[in-house]
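Worksheet for the structure shown next.
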Amino acid sequence: MSTHVLVPKERIIRKEKKEVEPADGFSVKSRMKNVKVKAPPSANAFKERPSKATSFRKFYERGDFPIQLEHDTKGNKIAWKVEIEKLDFHHYLPLFFEGLCEGIHPYEFFARQGVHDMLEHGSHKILPVIPQLIIPIKSSLNTRNKVIVCTCLKIMQHLVVSANCIGEALVPYYRQILPILNIFKNMNVNKGDGIDYSQQKRENVGDLIQETLEAFETHGGPDAFINIKYMIPTYESCVNN
């Protein structure tokens, strides 16, 4: 007769599996058996990148700008101490564009409102300053901050229609401006059958980019579409269609 021996639980030796550290991809260790390979790192394409201290903030704190805050029944606005038409646009307009990187009040408000005021009254003085505006625009878009990007897109839409030939003057600089727009072009909020109030407030990044590209094509002359298409292949013409 066979006898069964009962072994106490304390004597049962269990083999514990050793935790193996994950290996980097394409390394020698990753080719070994029973080794987990690390997932590829995130590219952080949408990660916000804080900007450095701007010259606009330094000039504002020093009191070099001929502006002050004026409270109105419709909200705050800028009171200019001199006529906007008499300003040196080569000096002031690039500084105000650089201030678009700011996300803190009051710098953000003065930079945004100051740019709109100067574009509204600048007329023929804006076109010669276009080359000086490209780096500040690129820096604002590179922050990847949604609020700053939306503000910059609205500014660019205003810039294109502020005077004649500005849309065509921006075409050579598409390679510096459009790569960031290509990243955020499809960033739309999908709420199903809900209501997206950001569309009414014009805070939807994807919609603003589409509006900006259409403004570029409409006012950029015959070479605008092919240059936009080169940088953003998914863009479809709003003029030819």
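The values are calculated or read from the model by the stated rules, or taken from the named source; none is laboratory data. Owing to the predicted nature of the structure, the values given are computational and were not obtained by experimental measurement. As a convention, Cβ positions derive from the backbone with ideal geometry for all residues, glycine included, and neighbour counts pool all protein chains shown. In case anyone asks, the SASA skips ligands and DNA or RNA and just uses the protein heavy atoms, side chains included. Shrake-Rupley method; radii C 1.70, N 1.55, O 1.52, S 1.80 Å.
Can you report the number of residues in the range 200-227 which are part of a helix (DSSP H, G or I) and over 20 Å from Ser162 (Cβ atoms)? Let's see the steps before the verdict.
Pass one, the range 200-227, residues part of a helix (DSSP H, G or I): 200-201, 205-219, 224-227.
This time we only want the ones that are over 20 Å from Ser162 (Cβ atoms), so: 200-201, 205-207, 210, 225-227.
Of the residues in the range 200-227, 9 are part of a helix (DSSP H, G or I) and over 20 Å from Ser162 (Cβ atoms).
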- Members of the range 61-71 found to be open to solvent by 70 Å² or more (accessible area, probe 1.4 Å) and either assigned to a helix (DSSP H, G or I) or in contact with a Gly (Cβ under 7 Å, 6 or more places away or on another chain) (or both), listed by number: Glu61, Arg62
- Selection from the range 34-60 of residues that are surrounded by 11 or more Cβ atoms within 10 Å (Cβ to Cβ) and either basic (Lys, Arg) or within 30 Å of Glu21 (Cα to Cα) (or both): Val35, Lys36, Val37, Lys38, Phe46, Arg57, Lys58
- Among the numbered conditions (1) closer than 27 Å to Leu181 by Cα; (2) touching a residue at least 24 places away in the same chain (Cβ under 8 Å), tell me where Asn44 comes up short. (2)
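Got a number for residues in the range 98-128 being within 17 Å of Lys86 (Cβ to Cβ), open to solvent by 10 Å² or more (accessible area, probe 1.4 Å) and either acidic (Asp, Glu) or not in a helix (DSSP H, G or I) (or both)? I'd like the intermediate steps shown before the answer.
Taking the range 98-128 and keeping what is within 17 Å of Lys86 (Cβ to Cβ), we get 114, 117-126, 128.
If we keep only those that are open to solvent by 10 Å² or more (accessible area, probe 1.4 Å) as well, we get 117, 120-121, 123-125, 128.
So of that shortlist, the ones also either acidic (Asp, Glu) or not in a helix (DSSP H, G or I) (or both) come out as 117, 120.
Result for the range 98-128: 2.
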- Go over the candidates Val149, Val161 one by one and state the one that is modelled with pLDDT under 95, open to solvent by 60 Å² or more (accessible area, probe 1.4 Å) and aliphatic (A, V, I, L, M). Val161
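Scan the range 86-96 for residues that are open to solvent by 50 Å² or more (accessible area, probe 1.4 Å) and touching a residue at least 40 places away in the same chain (Cβ under 8 Å) and jot them down. So that I can check it myself, show each step before the final result.
If we filter the range 86-96 for residues that are open to solvent by 50 Å² or more (accessible area, probe 1.4 Å), which is where we start, we get 86, 88, 90-91.
Scanning the range 86-96 gives a single hit, His90.
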- Scanning the range 158-181 residue by residue, those among the polar types (S, T, N, Q) and under 19 Å from Asp223 (Cα atoms) turn out to be Asn164, Gln176
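Condition first: open to solvent by less than 50 Å² (accessible area, probe 1.4 Å), in contact with an Asp or Glu (Cβ under 8 Å, 6 or more places away or on another chain) and modelled with pLDDT under 90. Can you find one or more residues in the range 202-211 that meet it?
To start, the set of residues in the range 202-211 that are open to solvent by less than 50 Å² (accessible area, probe 1.4 Å) comprises 204-206, 208-209.
Subsequent filtering for residues that are in contact with an Asp or Glu (Cβ under 8 Å, 6 or more places away or on another chain) retains 204.
Pick out the ones that are also modelled with pLDDT under 90 and you get 204.
Yes: one or more hits.
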